[in-house]
Amino acid sequence: YPTSCIAFKRNFFVNFLKVLEKNKFSNLEIDARLSIYAYIKKQFFITKKCLTIYNYDETGISSKYKKFSKFWWKKRNEAFDYLEYVQKKFKINFKKGPDYYITKIINSYF
């Protein structure tokens, strides 16, 4: 979810900062980390209501991740690694689907 679409309470953010690991997962932006953490903690709500306008910037932080490129798969792999890191920290298991295994296989070739 784009960062401008994420809202949270201060207490949630303080707890999130305790598991952030800012020096790891260098390809994973803060919005992805927040979304994963909120998902693991079951503290999220998704609305279909449009609350923002998304503007694609060809020079933005995500622009170097062209879909299905080597860097795109690397970033996707880091998202799964972060999900595993957070779920282990809170002793929660998540069901690994085909997307997880495909991502891991493709990254094994890089």
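Just so it is clear, none of the values below were taken in a lab; they were calculated from the coordinates. For clarity, every value in this text was computed on a predicted model and none was experimentally measured. Ideal geometry is used to build each Cβ from the backbone, glycine not excepted, and the neighbour counts take in all protein chains shown.
The table below lists the values:
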read-out	value
Peptide ranges 94-103, 70-79, 19-28 listed from the most packed, as the mean C-beta count within 10 angstrom indicates	70-79, 19-28, 94-103
Surface/4 estimate of mean projected area, convex hull on alpha-carbon atoms of the chain, nm²	8.1 nm²
Two-site FRET efficiency, K104 against R10, from Cβ-Cβ distance with R₀ of 35 Å, rounded to 0.05	0.45
Mean residue ellipticity (222 nm) of the chain, computed from DSSP H runs ≥ 4 via -39,500 (n - 2.57), nearest 500	-14500 deg cm²/dmol
Rounded FRET efficiency, nearest 0.05, which uses the C-beta distance separating Q43 from K95 and R0 of 22 Å	0.65
Relative contact order [Cα under 8 Å, 6+ residues apart], the chain, whole percent	31 percent
Most positive-pole-ward Cα, W72, L83, C5, against dipole of the chain from beta carbon charges	L83
